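The values are calculated or read from the model by the stated rules, or taken from the named source; none is laboratory data. Keep in mind that what you see is a predicted model, and the values were worked out from it rather than measured. When we count neighbours, we look across all protein chains shown, and the Cβ atoms used for this are built from the backbone with ideal geometry, even at glycine. All accessible areas refer to the heavy atoms of the entire protein, side chains included, with ligands and DNA or RNA removed. Shrake-Rupley method; radii C 1.70, N 1.55, O 1.52, S 1.80 Å.
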Amino acid sequence: MRDNVVEGIVIHLKEARELKDTKLSFEETIRNLRPIVIPDREGGFREIYPEKGLAFVLEKGKDPNVPSNRVTQIIAEPVRANYLVIRAEQMMKTDPERSFKDVQHAVLHDKTNGPANWMLAKFERDRGDLINARQHAIQAVKSDSKVPQYYLTLVSILKETGEIDSAFQFLQSALPYCKDYPLFKSEAALLQGDLYRLASPPDYSQAVQQHLSVLEVVKPYLRSEQQEVRVLMKKQALRAHIALALDEAKLNTENNGESDKAWQSLNSASAVADNMIKKEQTDETPLWEVCICAAEVALDLPNLKEISPYIQTLKRLSSKLVRAQGILSYSVDEIQWKSGKALMDGMEVYSSLQKYGLAIQCGERAWEFLQPVLGKRPAGEQIRIANQLGQVGRLCLESFDNKEEAFRWFDKSLKIVSDLDKKMDTETGAKAGLMLVRMSNHFWKNNQQDKAISIAKQAVELLEKGNKEGIVSNTELAAPYTNLAMMYKKMGKIDLAKKYAVSAKELQ
């Protein structure tokens with residue numbers, strides 16, 4: 001009892017009873033629920049059903065580290081967020097979906113619980129829900145402003161939302177709490193380097209310096225006698241080499257150079273990944289992460305000899321990792337999304353190198369991974385993929401004159417826009433509108449006039465909204481007006497042709 005309020009009920013049993021017999025009385029309440037077993041203050045253990053606020057107190061066994069199977073007390077109390085968090089942590093790798101539900105439940109019962117908000121933020125970030133991830137990460141920092149991992153998670157989310165100035169500010173607040181912990185210190189340097197690369201204007205040289213500093217921080221621990229420490233620090237080294245590859249690719253583009261430092265950094269990352277897989281017996285996600293990065297690097301530095309082995313490895317590993325669901329540090333959705341996105345980048349790289357057949361193959365494989373998960377992603381990401389599907393269609397049409405395949409890809413792209421409908425904000429809608437302008441032209445040129453006009457009208461609707469808010473220029477809006485004027489004129493619908501011609505002229 002606290003403040004004259006009953007907080008729980010404790011039933012003391014006259015004699016200890018077998019746990020399995022005691023639980024029979026609660027069968028309806030606890031059926032299909034997974035308990036946690038934790039030590040209590042008396043030196044024994046408690047078997048707790050977190051979502052029911054039910055606990056069985058177990059008497060001390062012969063081995064102080066092993067719970068007995070005999071119950072001395074039964075406790076009924078309010079649902080406690082901390083117990084749900086403990087179970088969520090235990091099930092993070094074996095059942096991530098259940099773990100996610102537990103932390104949601106925990107926050108529902110205690111909105112200010114730091115660990116619950118922190119874990120929920122990480123789950124939501126990985127699922128692409130950055131708005132809610134940001135909210136829960138901020139709440140975690142508010143709950144305890146001295147926990148470095150809360151800050152670092154928030155910074156990583158702000159990095160993804162593009163709030164670079166805010167991310168820098170929170171990172172500065174985190175640094176005093178990170179400096180005595182090599183893992184957190186290396187994580188802070190990784191993030192700081194990323195922020196320099198993503199800043200406006202970017203500072204690629206500072207990004208390189210920060211990411212190089214990570215390698216210095218982790219170096220003493222790469223030969224630790226403790227495998228857990230070695231693996232953690234090798235993972236940080238891997239991420240540093242990957243980040244350096246991205247830095248060097250951007251720096252090379254900025255300087256109009258022909259440096260191969262980015263590919264050298266990727267080769268170093270591959271060596272670390274290979275070491276982790278062979279020496280530490282990790283799964284193959286480290287090498288998969290390197291391949292994901294290679295596709296992004298190749299967008300800035302297209303090189304057929306360098307990128308092709310990475311793309312082939314990515315195709316092989318992605319399918320293998322999806323089949324290995326439930327035992328990896330990534331969810332199946334994450335593997336499918338990141339693999340598909342990287343293969344779409346590979347499509348663009350091959351296209352820029354005029355390897356159109358390889359580009360289409362990459363697009364086809366990318367879509368296999370993206371199709372099951374695309375609808376779960378934010379609208380902006382979906383429209384980016386819709387644009388890339390349109391690119392595959394254009395390659396089929398313009399490079400191979402395969403109209404049937406081309407329009408199959410165009411229809412996939414159009415369906416994404418149709419499914420999003422009113423879910424797009426004005427900026428995303430404007431990007432969709434510009435894509436639709438190009439798409440309508442393809443349908444018109446291939447004698448699908450009615451569909452071409454329908455797509456052009458949809459483009460007009462989206463671009464008009466963007467024009468009102470200053471996102472879309474008059475020139476961009478005039479394009480579909482002009483196209484519609486031409487289309488209606490050729491169809492003999494002179495009044496409609498004049499209407500759109502006037503609208504286009506007013507924008508000049």
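A few remarks follow.
- Among (1) of a type outside the set (Phe, Trp, Tyr); (2) in contact with a helix residue (DSSP H, G or I) (Cβ under 8 Å, 6 or more places away or on another chain); (3) assigned to a helix (DSSP H, G or I), the one test that Glu398 misses: (2)
Conditions (1) at pLDDT below 90; (2) of a type in the set (Lys, Arg); (3) in contact with a strand residue (DSSP E or B) (Cβ under 9 Å, 6 or more places away or on another chain), marked per residue:
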{"position": "Arg2", "(1), (2), (3)": "yes, yes, no"}
{"position": "Ala16", "(1), (2), (3)": "yes, no, yes"}
{"position": "Glu27", "(1), (2), (3)": "yes, no, no"}
{"position": "Gly44", "(1), (2), (3)": "yes, no, yes"}
{"position": "Ala55", "(1), (2), (3)": "no, no, yes"}
{"position": "Glu59", "(1), (2), (3)": "yes, no, yes"}
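- Hey, Ile48 within 28 Å of His105 (Cβ to Cβ) and out of contact with any helix residue (DSSP H, G or I) (no Cβ under 6 Å at 6 or more places or on another chain) or not: no
- Restricting attention to the range 400-428, the residues being more than 24 Å from Gly380 (Cβ to Cβ) and open to solvent by 20 Å² or more (accessible area, probe 1.4 Å) number 8.
- Subset tally (residues that are within 14 Å of Phe26 (Cβ to Cβ) and either open to solvent by 40 Å² or more (accessible area, probe 1.4 Å) or within 27 Å of the chain's Cα centre (by Cα) (or both)) for the range 52-72: 1
- Any pair with Cβ under 6 angstrom, 6 or more apart, that starts in the range 354-372 at a residue that is farther than 19 Å from Ser331 by Cα and ends at one that is surrounded by fewer than 18 Cβ atoms within 10 Å (Cβ to Cβ): Tyr356/Ser399
- Among the residues of the range 331-385, those that are farther than 20 Å from Met435 by Cα, open to solvent by 60 Å² or more (accessible area, probe 1.4 Å) and either of a type in the set (A, V, I, L, M) or in a loop (DSSP other than H, G, I, E, B) (or both) comprise Gln354, Lys355, Leu358, Pro372.
- Listed here are the helices (runs of 4 or more DSSP H) enclosed by the range 160-220 that have at least 3 residues being under 17 Å from Asp247 (Cα atoms) and at pLDDT 95 or above: 182-198, 204-218.
- Residue tally, condition surrounded by 12 or more Cβ atoms within 10 Å (Cβ to Cβ) and in contact (Cβ under 8 Å) with a residue 40 or more places away in the chain, over the range 12-30: 6
- Residue in the range 124-144 that is in contact with a Pro (Cβ under 8 Å, 6 or more places away or on another chain), open to solvent by 20 Å² or more (accessible area, probe 1.4 Å) and hydroxyl-bearing (Ser, Thr, Tyr) present: no
- Filtering the range 94-123 to residues that are among the aliphatic types (A, V, I, L, M) and open to solvent by 80 Å² or more (accessible area, probe 1.4 Å) leaves only Leu108.
- Criterion: without any contact (Cβ under 8 Å) to a residue 24 or more places away in the chain, surrounded by fewer than 24 Cβ atoms within 10 Å (Cβ to Cβ) and in contact with a helix residue (DSSP H, G or I) (Cβ under 8 Å, 6 or more places away or on another chain) - qualifying residue of Val208, Val229, Val217: Val229
- 1 or more residues among the acidic types (Asp, Glu): qualifying strands (runs of 3 or more DSSP E) within the range 33-131: 45-49
- Test: residue in the range 366-386 that is within 14 Å of Thr285 (Cα to Cα) and either over 14 Å from the mean Cα position of the chain (by Cα) or small (Gly, Ala, Ser) (or both): no
- Residue pairs whose Cβ atoms lie under 8 Å apart, sitting 6 or more positions apart in sequence or on different chains, and linking a residue in the range 55-77 that is touching a residue at least 60 places away in the same chain (Cβ under 8 Å) to a partner that is assigned to a loop (DSSP other than H, G, I, E, B), are Thr72/Gly44; Thr72/Glu59; Ile75/Gly8; Ala76/Gly8; Ala76/Gly53; Glu77/Glu7; Glu77/Gly8; Glu77/Gly53.
- Considering only residues in the range 308-330 that are under 20 Å from Ser99 (Cβ atoms), hydrophobic (A, V, I, L, M, F, W, C) and open to solvent by less than 70 Å² (accessible area, probe 1.4 Å), the one that is modelled with the lowest pLDDT turns out to be Leu328.
- Residue check for Asp247: surrounded by 15 or more Cβ atoms within 10 Å (Cβ to Cβ) and more than 19 Å from Phe184 (Cα to Cα): yes
- From Ala430, Ala406, Ala478, Ala459, residue being over 30 Å from the mean Cα position of the chain (by Cα) and of a type outside the set (Ser, Thr, Tyr): Ala478
- Residue list for the range 275-304, filter: more than 21 Å from Leu244 (Cβ to Cβ), free of Cβ contacts under 8 Å to residues at least 40 places away in the same chain and surrounded by fewer than 17 Cβ atoms within 10 Å (Cβ to Cβ): Lys278, Lys279, Gln281
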